Amino acid sequence: MNDIRKNPTFRTQFHEMCAKVGVDPLASNKGFWAELLGIGDFYYELGVQIVDICLATRSHNGGLIDLQELRTLLSQRRKAARESVSEDDCIRAISKLKVLGSGFEVISVGKKKLVRSVPTELNKDHNEILELAQAQGYVTVEEAQRRLSWSSGRATDALETLLKEGLAMIDDGHRDGKRRYWFPCVASMSVATGAGG
Amino acid sequence: MNGNWLPQAPLTASGRPVLQPGEVERSLQSSVDLEAEENPRLTPLRSGLLALTTHRLIWIDESSNSGYAIFLANVIHAYPPKKSIRSMFHSPRIRLQVSVSAEGRIGEKGSTSEMITIVIRGKNDPDAFFSKLWDALRSRPWEVEEKNGEVTSVDGGVSGPGSRDGPSNSVWIAMPVVGVSGILRKEQEIWESTDKSLQEAFQDLNALMSKAKEMVSLAEKMRLKLLSGSSAHANVANDEELGSNQEMQDWLLSVGIASPVTKDSAGALYHQQLSRQLADFVQRPLERSGGMIAVIDIYCLFNRARGTELISPEDLLQACALWDKLDVPVMLRKFDSGVMVIQNKTHSDEEIFTRLKSLALKPNALRMGVSPSDAAIILGIAPALAKEHLLTAESKGLLCRDVSPEGFRFYVNLFEEIDPTNTHLVKHHGLFEAWVSAASVFG
């Protein structure tokens, strides 16, 4: 059945069927489903590629990457295979990686989905900052105070933690003198390069 | 062979189909039957040659030198050969939905249809044949000619405007395929046929799934029995029982129920084998990574080395968990943060702590602390893992952390040097003194 490798819709429905029956088709390479349909290789290899990409981008984004950006980088890598990879496919592959204990997980921040590849715990405050950052790619302490109704201490704490975890970068070069915290994981490349000093 | 329920196809004297202008043969299969599914009165055509051309499917009976054809234009849909357990024992079948005229003639334009089965018995590749058939049905090469100004027949028997005689003396009519609507129609057909082939695939899967459901509920019962039975009846275990336990584990695994590794059971044989293989495999990466490597890195390294038949993350974990039972020099370890690593059994935490402490006592470190990257260089392991060690040392009271915008830095734990009854006392010896002199360099 070539269908399963070539058709993301088919894969999603297949997984739903398996879930209803109580079977995990990806539990083991030895599984009947993996062998018969060849989906094991598809997902396990996808897992390897996702780990690679997360590692390669970690110095830039601190271990949090936008799922869409991950998919773009994936399709560049997989050009030869010409098999499309859906968001659902990525989420499934990552959920399998989770058991290996290095913090791989898909988290929702606002409207976006981010893939975490480090064991850093993100609490609710951090999530809210990330959501705020989606608008322009950066956040200031003042903005966090204003938009989230936080004290300046709370805002600074959250931003500084994200900074030390490598998820944010500092930009102090603006005329207004306000420190900007840039978040590579939610800022697209164009936003980051477009902003002047 | 009374195949008169299909339009006749003229053959040459040597039994080759007479091709129409622009018609090209694409594939030839031997030992093919054609059956009219819904109409058992119609004698099936047995053991003929089936030629796929750009325009038609032509079935040829060599002994009687007769041929019958189905115009591809009158094929409403084609269903691919089923892949199911059942079908492994039968000859592959391709099913066609063919239109039927008002007078009940199959293979001619009409509003009703009939299902015809193509049974491929010979040593053929049914998949390759089907994909060629599919290409022809989708790309409709007989219409391409029409667009180029020629008129092409879609029905062998009706006359109309713009007709001309072909070499087989049948009359042709134009089939209007105009610009956008033609494209749209093609798109729609592709959509519908994709949907239908998905449905077909799901029909098979559904059949499999209902069987699987039975298997799964049975398997679950067995699994529970394995889990409870093995510990309760430890004394009763004999070879035979162990053997069947093993088989059950493997079978459970193949159904998609991961077999648990308990202290009594060794899990599936598959995982036992994998466990040994992995113990061998990790030696080299461990050496390169200073004796400790994250499990996720092994997952990538191992699967990349394998190339195909990759293992799942759960397979890897099960295999590592089994190392306890085998005599191998490696072990699985989980840190508080959840990070899991593989390390050599000879690896000693104490040794690491000693090295970290002596690193933290250097004058530079007394002033500025030790970062995970510093520790990584000294220990020869990855920074993320070095951080785990630093955190563990901290939890043992050897180091203290300092968090700043630059990240985590660790300092030797000075608190133990401070007399709780006299916190202002500055000791002039030992660690305290060393720290004071190092810190005061800044003035």
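Might you let me know whether the stretch B:242-258 holds any residue that is closer than 21 Å to A:Lys96 by Cβ, open to solvent by 50 Å² or more (accessible area, probe 1.4 Å), more than 8 Å from chain A (Cβ to nearest Cβ) and at pLDDT 65 or above? The answer is no, given that none of the residues of the stretch B:242-258 is closer than 21 Å to A:Lys96 by Cβ, open to solvent by 50 Å² or more (accessible area, probe 1.4 Å), more than 8 Å from chain A (Cβ to nearest Cβ) and at pLDDT 65 or above. Put simply, of B:Leu322, B:Leu310, B:Leu332 the only residue that is farther than 21 Å from B:Gly397 by Cα, open to solvent by 50 Å² or more (accessible area, probe 1.4 Å) and either part of a strand (DSSP E or B) or within 14 Å of another protein chain (Cβ to nearest Cβ) (or both) is B:Leu332. Within the stretch B:17-34, the set of residues being open to solvent by 30 Å² or more (accessible area, probe 1.4 Å) and closer than 11 Å to B:Val119 by Cα comprises B:Ser30, B:Ser31.
For B:Asp374, are the conditions met, namely being assigned to a helix (DSSP H, G or I), surrounded by 14 or more Cβ atoms within 10 Å (Cβ to Cβ) and without any contact (Cβ under 8 Å) to a residue 40 or more places away in the chain? Yes, satisfied. Got at least one residue in the stretch A:85-93 being more than 7 Å from every other protein chain (Cβ to nearest Cβ), under 20 Å from B:Met340 (Cα atoms) and without any contact (Cβ under 8 Å) to a residue 60 or more places away in the chain? Taking every residue of the stretch A:85-93 in turn, at least one turns out to be more than 7 Å from every other protein chain (Cβ to nearest Cβ), under 20 Å from B:Met340 (Cα atoms) and without any contact (Cβ under 8 Å) to a residue 60 or more places away in the chain. Inspect the stretch B:6-15 for any residue being surrounded by 20 or more Cβ atoms within 10 Å (Cβ to Cβ) and closer than 15 Å to B:Val119 by Cα and give the result as yes or no. Checked the stretch B:6-15: no residue is surrounded by 20 or more Cβ atoms within 10 Å (Cβ to Cβ) and closer than 15 Å to B:Val119 by Cα.
For the stretch A:38-54, the criterion of a residue being under 22 Å from A:Val99 (Cα atoms), more than 8 Å from every other protein chain (Cβ to nearest Cβ) and modelled with pLDDT under 75 is satisfied by at least one position.
Is it true that some residue in the stretch B:384-403 is assigned to a loop (DSSP other than H, G, I, E, B) and within 14 Å of chain A (Cβ to nearest Cβ)? No; the residues of the stretch B:384-403 include none that is assigned to a loop (DSSP other than H, G, I, E, B) and within 14 Å of chain A (Cβ to nearest Cβ).
So that you can scan it fast, the table gives a plain yes or no per residue for (1) touching a Phe, Trp or Tyr at 6+ places or on another chain (Cβ under 8 Å); (2) modelled with pLDDT under 85:
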{"residue": "B:Glu350", "(1), (2)": "no, yes"}
{"residue": "B:Phe353", "(1), (2)": "no, no"}
{"residue": "B:Lys357", "(1), (2)": "no, no"}
{"residue": "B:Ala360", "(1), (2)": "yes, no"}
{"residue": "B:Asn364", "(1), (2)": "no, yes"}
{"residue": "B:Ser371", "(1), (2)": "yes, no"}
{"residue": "B:Ile378", "(1), (2)": "no, yes"}
{"residue": "B:Lys387", "(1), (2)": "yes, no"}
{"residue": "B:Leu390", "(1), (2)": "yes, no"}
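Taking residues in the stretch A:150-161 that are within 14 Å of chain B (Cβ to nearest Cβ), and partners anywhere that are open to solvent by 50 Å² or more (accessible area, probe 1.4 Å), the pairs with Cβ atoms closer than 9 Å and at least 6 places apart or on different chains are A:Ala158/A:Asn123; A:Ala158/A:Glu128; A:Leu159/A:Arg179; A:Glu160/B:Val403; A:Glu160/B:Pro405; A:Thr161/A:Asn123; A:Thr161/B:Val403.
Considering B:Arg401, B:Arg355, the condition of being open to solvent by 30 Å² or more (accessible area, probe 1.4 Å) and touching a Leu at 6+ places or on another chain (Cβ under 7 Å) is satisfied by B:Arg355 alone.
Out of the residues in the stretch B:335-371 meeting the condition of being in a loop (DSSP other than H, G, I, E, B), among the small types (Gly, Ala, Ser) and free of Cβ contacts under 8 Å to residues at least 40 places away in the same chain, tell me which one is farthest from B:Leu274 (Cα to Cα). By that ranking, first place goes to B:Ser371.
Among the residues making up the stretch B:35-67, a single one is open to solvent by less than 10 Å² (accessible area, probe 1.4 Å) and either aromatic (Phe, Trp, Tyr) or without any contact (Cβ under 8 Å) to a residue 12 or more places away in the chain (or both): B:Trp59. Could you list all residues from the stretch B:285-299 that are more than 14 Å from chain A (Cβ to nearest Cβ) and assigned to a helix (DSSP H, G or I)? Correct list: B:Pro285, B:Leu286, B:Glu287, B:Arg288.
Annotation: A:Ser28 fulfils all but one of (1) within 12 Å of chain B (Cβ to nearest Cβ); (2) surrounded by fewer than 20 Cβ atoms within 10 Å (Cβ to Cβ); the unmet one is (2).
The values are calculated or read from the model by the stated rules, or taken from the named source; none is laboratory data. Here the structure is a predicted model, which means the values were calculated and not measured. Every residue, glycine as well, gets a Cβ built from its backbone with ideal geometry; the counts of neighbours run over all protein chains shown. When the accessible area is computed, the model is the full protein with side chains, heavy atoms only, and any ligands, DNA or RNA have been set aside. Shrake-Rupley method; radii C 1.70, N 1.55, O 1.52, S 1.80 Å.
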